[in-house]
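S.K.: Before I ask anything, here is the structure I am working with.
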Amino acid sequence: MRAQFVLSEIGVGLRRNLTMTFAVIVSVALSLALAGGSWLAREQVSHMKGYWYDKVQVSIFLCNKTDGTDTANCSKGAVTPEQMAQIKSDLSKLPVVEKIYTESPQEAYQHYKQQFAGQAGIDLLTPDQMQWSFRVKLKDPQQYNVISSAFDGRPGVQSVQDQRKLLDNLFGLLNGMTYVALAVLAFMLTVAMLLIVNTVRVSAFSRRRETGIMRLVGASSFYIQMPFIMEAALAGLIGGGLACGMLLAGRYFLIDGGLKLQSKIQLIQFLGWGDVIKVLPLVLVVGVLMPSLAAFFTLRKYLKV
Amino acid sequence: MIRFDNVSKTYPKQNRPALRDVSLEIEKGEFVFLVGSSGSGKSTFLRLMLREERTDTGAVHVLGKDLNRLSNWKLPHLRRQVGTIFQDFRLLPNKTVAQNVAFALEVIGKPRGTIRKTVPEVLDLVGLAGKDGRMPGELSGGEQQRVAIARAFVNRPLLLIADEPTGNLDPQTSVGIMKLLDRINRTGTTVVMATHDQQIVDQMRKRVIELEKGRLVRDQSRGVYGYQH
């Protein structure tokens, strides 16, 4: 294999087919940027899940003396100190439980006042309307059902609430968005593939004289196909490089500069540069392999031995 | 060298076979004219030798290889030992004479030193010394065919297949090309040439194989064209 000869053939092919090459580069860049982007979005969601699930707890609300009339579980009146002690000791025996906080009605009232400070109607509630509750931190947040089945409906327990459920709606939305991104990605990849196949066909057609002579004088099919495959791979590499640039720029624009989400939404821990950089080699590999394989299979049909 | 055993070939969607039960043998170092009217099967005969086509029945042996059994990846190695020239020369218009010839060596991976040495030699042999920097468009038809012959011969093939090499040339130029082919034949290269050129066949007095509607109708050593237009 004479490298210089192959390289000059590649150069000729790319120049001859400049507009199509450009189209391939752009569509590979866009589809890969989108692929990388939706991958990163999924990472971000699972990142956020871990971060939030760490903070959320299961709350066991206990009966208060005013609940008796309107809550079926509390028909026997307020929770007794014995019941409370029993629940607490049962809780601490469960292996999934990491930590138990007890919240008194007074504390609950304080939290409530802090949370809704300055809002109208804040004084409608009084401390004696608040209730005792246990805030339970689980070793594995997925194990919520263990708590709920053990304590829901026990005497003195008003309700068991998993805060994770509140977050699940949000994560459902985010997941849905990543699926949409994946669908667009699949569409873009198809377009990119079709463009590559077409470009290779045009390229093979415009060089049919050369390839005809190559066959005639006994060049191996590898030698004949190599320039075309390398062309596609090169276009793919440039497209992949652009996609990497877009991902890095996208992260900078969304999180640090431009929209400055990091300083605006401090509750969310965003992906770091390391997470983005980890995806880039994958983007480049796909960027090179996808067009090369497409070219290879196209040529099998259009450049017979 | 070349052997056809009861070869028949019908192209798809055609009811008349292009070749019908053709058997013959061509020895090493022979010069053979293949004659016949258009559609007689000459081109199919040549294409079968290059394995551009496969036979329906029968076998074609070239350089000791059964072409029906030759795998695709071994085919290029066979073609390196077979030179081919055509009526339309098939040169690359954007490469110089020397580059056209060198191309044939480059694409089979010959080292650059060999190419630099062999190309001028073969251009000298075909009578194009000093024209290596010209573009094909600047040359006459006869000279272009000489470039094509140089390209076909640069790898010193054992067999040279010529498909109407003088079809686009005037009689005087054709004589020059035939002298060149004769010289190549004398180096030991077998030459198989399909032609319509009565004058050339009658002058050369070589073996003549005539095809008519796909059948072998004449095989004559030191023959004449014989076929009337």
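Here, each number is a calculation from the coordinates, and none is a lab measurement. Small disclaimer: the values here were computed from a predicted structure and weren't measured. In this analysis, Cβ positions are derived from the backbone assuming ideal geometry, glycine residues included, and neighbour counts consider all displayed protein chains.
S.K.: Of A:K165, A:K113, A:K55, which is the most mobile in a GNM of chain A whose springs link Cα atoms less than 10 angstrom apart?
M.R.: A:K113
S.K.: So, one more: Over all directions, what mean area does the Cα convex hull of region B:5-97 project, stated in square nanometres?
M.R.: 8.1
S.K.: I've got another one for you. Between region B:137-151 and region A:136-214, what is the C-alpha centre distance in whole Å?
M.R.: 63
S.K.: Pick from A:L194, A:L124, A:L216 the residue whose mean-square fluctuation is largest in a GNM of chain A, springs joining Cα atoms under 10 Å.
M.R.: A:L124
S.K.: Using the Kirkwood formula over every pair of different C-alpha atoms, what hydrodynamic radius in Å results for the protein assembly as shown?
M.R.: That comes to 30.5 Å for the protein assembly as shown.
S.K.: Please report the net charge: other residues with Cβ closer than 13 Å to the Cβ of B:K74, K and R +1, D and E -1.
M.R.: Every neighbour counted, the sum reads +4.
S.K.: Express the relative contact order of region B:1-76 as a whole percentage, based on alpha carbon pairs under 8 Å and six or more residues apart in sequence.
M.R.: 37
S.K.: Okay, next question. What relative contact order, as a whole-number percentage, does chain A give when Cα pairs under 8 Å and 6 or more residues apart are counted?
M.R.: Averaging sequence separation for qualifying contacts and normalising by length gives 31 percent for chain A.
S.K.: Another question, if that's okay. About the Cα centre of the protein assembly as shown, how large is the charge dipole given +1 on each Lys and Arg Cβ and -1 on each Asp and Glu Cβ? Please answer in debye to the nearest 20.
M.R.: That gives a dipole near 2000 debye.
S.K.: Using the Cα atoms as the points, what is the convex hull volume per residue of region B:67-130 in Å³?
M.R.: Spread over its residues, the Cα hull of region B:67-130 gives 119 Å³ apiece.
S.K.: Then there is this: Of A:K76/A:K139; B:K42/B:K65; B:K28/B:K206, which pairs sit farther than 23 Å apart, going by alpha carbon to alpha carbon?
M.R.: Table pairs above 23 Å Cα-Cα are A:K76/A:K139.
S.K.: Can you give the relative contact order of chain B as a percent, counting alpha carbon pairs under 8 Å and 6+ residues apart?
M.R.: About 28 percent, as a whole number.
S.K.: Averaged across the residues of A:209-216, what count of C-beta atoms belonging to other chains lies within 10 Å of each residue's C-beta?
M.R.: Partner-chain Cβ atoms within 10 Å, mean over residues of A:209-216: 6.
S.K.: Still on this structure: Once you average over the residues of B:70-79, how many Cβ atoms of partner chains fall within 10 Å of each Cβ?
M.R.: 4
S.K.: List the cysteines in the protein assembly as shown whose Cβ has no other cysteine Cβ under 4.7 Å from it.
M.R.: Those would be A:C244, since no other cysteine Cβ in the protein assembly as shown comes under 4.7 Å of theirs.
S.K.: Just to confirm the number: angle between the C-alpha axis of helix A:18-55 and the first principal axis of chain A, 0 to 90 degrees, nearest 10?
M.R.: Helix A:18-55 and the main axis of chain A meet at about 20 degrees.
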